[in-house]
Amino acid sequence: MIRGETIVFIGIAAVITGMLLIFIGTAFLSSGKTEGNDNTKVSTGGVVLIGPLPIIFGNDKSMVSIAVLGAIIIMVISYILFYRGSL
């Protein structure tokens, strides 16, 4: 069984890792290289979970399919963590 402290530590580590990735992406990848490059395309996508219902959005078919896959993975992990232990 997973202890509560472990889940909190994993959550904090995930938030810190995400913030570091955003910092690295903005600091190094957008260092003025896009001034003469007009063929740059930005795709977005995401998942909002309200209880068991996922709301999936995106502006590109590939990003929506990645968001669907991410939503499925998140729902399976939440089932394993929260409902499987009570059986």
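The values are calculated or read from the model by the stated rules, or taken from the named source; none is laboratory data. Because the structure is a prediction, the values reported are computed rather than measured. In this analysis, Cβ positions are derived from the backbone assuming ideal geometry, glycine residues included, and neighbour counts consider all displayed protein chains. These area figures cover heavy atoms from the full protein model, side chains too; ligands, DNA and RNA do not enter into them. Shrake-Rupley method; radii C 1.70, N 1.55, O 1.52, S 1.80 Å.
In the range 76-87, what count of residues is obtained for those that are exposed (fewer than 10 other Cβ atoms within 10 Å of the Cβ) and free of Cβ contacts under 8 Å to residues at least 40 places away in the same chain? Of the residues in the range 76-87, 5 are exposed (fewer than 10 other Cβ atoms within 10 Å of the Cβ) and free of Cβ contacts under 8 Å to residues at least 40 places away in the same chain. Of everything in the range 39-75 that is in a helix (DSSP H, G or I) and open to solvent by 80 Å² or more (accessible area, probe 1.4 Å), the residue that is modelled with the lowest pLDDT is Ile74.
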